[in-house]
């Protein structure tokens, strides 16, 4: 290295410039300095983050990208050792690595009436896609849900980019008492929908896809299998779509919801869970 070139260690890292705890402190929003990523990031893409030398590589979808400020926003739920380590990072701290943008961007076009369905922290993934569909001139109805009112996130954000917003809670503490699929079926019974985008727990995406298939509505889902390198080399994120093996990191993360093998995906997500009955993957808490 040229001895005349000097730099600080922090110049090679990614600073957290804003931090917010949501959903009873279990969901964390971070705005991170990453100007090169922010300049190129598109709705539907993701980054891989690493807290420090001892941390694991964690893929998270980019919830927002501000190219002018050079910031990206990620939202994650604390469900294990690595995300617990993420939570210890405060405003002014740094991620050692942020790699991206990765994955294929969402194909955005004007198709008419669109329904966007989000569950749990999947709403963070859904938001930039909903915003993009609205900006293309679509009429957007959004349905978001959580187990209870305190676990709902980004309601105001989703309302701002939707023509109509429905909120659901499993326990009835806020909005519709029941599942997002209840409201979706009511909408499909009344209106002609051109596209459905569903992002959230695997069981939610599975049942949304089953319902929309009955109505002949094209459906896009975003998958979150186990991922290691994010470039298609390791094969850890393989999923079966339409009977073919796909890699979520390079072929996705979005796929035709009517063709995904959800049972296989669920089994892969829980492969390393010690207590299956308490598994966050099965509950749908994890992005």
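The values are calculated or read from the model by the stated rules, or taken from the named source; none is laboratory data. Note that this is a predicted model, so its numbers are computed, not measured. Cβ sites come from the backbone with ideal geometry, for glycine too, and all protein chains shown count toward neighbours.
Every condition in (1) more than 30 Å from residue 54 (Cβ to Cβ); (2) at pLDDT 95 or above; (3) surrounded by fewer than 23 Cβ atoms within 10 Å (Cβ to Cβ) holds for residue 148 except the one numbered (2). In the stretch 212-227, of all residues being surrounded by fewer than 19 Cβ atoms within 10 Å (Cβ to Cβ) and under 22 Å from the mean Cα position of the chain (by Cα), the one that is farthest from residue 151 (Cα to Cα) corresponds to 218.
Okay, residues lined up against (1) modelled with pLDDT of 95 or more; (2) under 19 Å from residue 58 (Cβ atoms):
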| residue | (1), (2) |
| --- | --- |
| 182 | yes, no |
| 220 | yes, no |
| 232 | no, yes |
| 238 | no, yes |
| 241 | yes, no |
| 255 | yes, no |
| 277 | no, no |
| 287 | no, yes |
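Residues that are in contact with a helix residue (DSSP H, G or I) (Cβ under 9 Å, 6 or more places away or on another chain) and more than 17 Å from residue 106 (Cα to Cα), at least 3 per element: which strands (runs of 3 or more DSSP E) completely within the stretch 162-256 meet that?
Ranges flagged: 164-169, 238-241.
Among 188, 195, 223, which is the only one that is farther than 17 Å from residue 141 by Cβ and assigned by TED's automatic domain parsing to the domain that holds residue 141?
None of the others qualify; the one that does is 223.
Can you confirm whether residue 157 is under 17 Å from the mean Cα position of the chain (by Cα), in a helix (DSSP H, G or I) and surrounded by fewer than 20 Cβ atoms within 10 Å (Cβ to Cβ)? Yes, satisfied.
Here residue 69 clears all of (1) outside any loop (DSSP other than H, G, I, E, B); (2) over 21 Å from the mean Cα position of the chain (by Cα); (3) modelled with pLDDT of 95 or more except the condition numbered (1).
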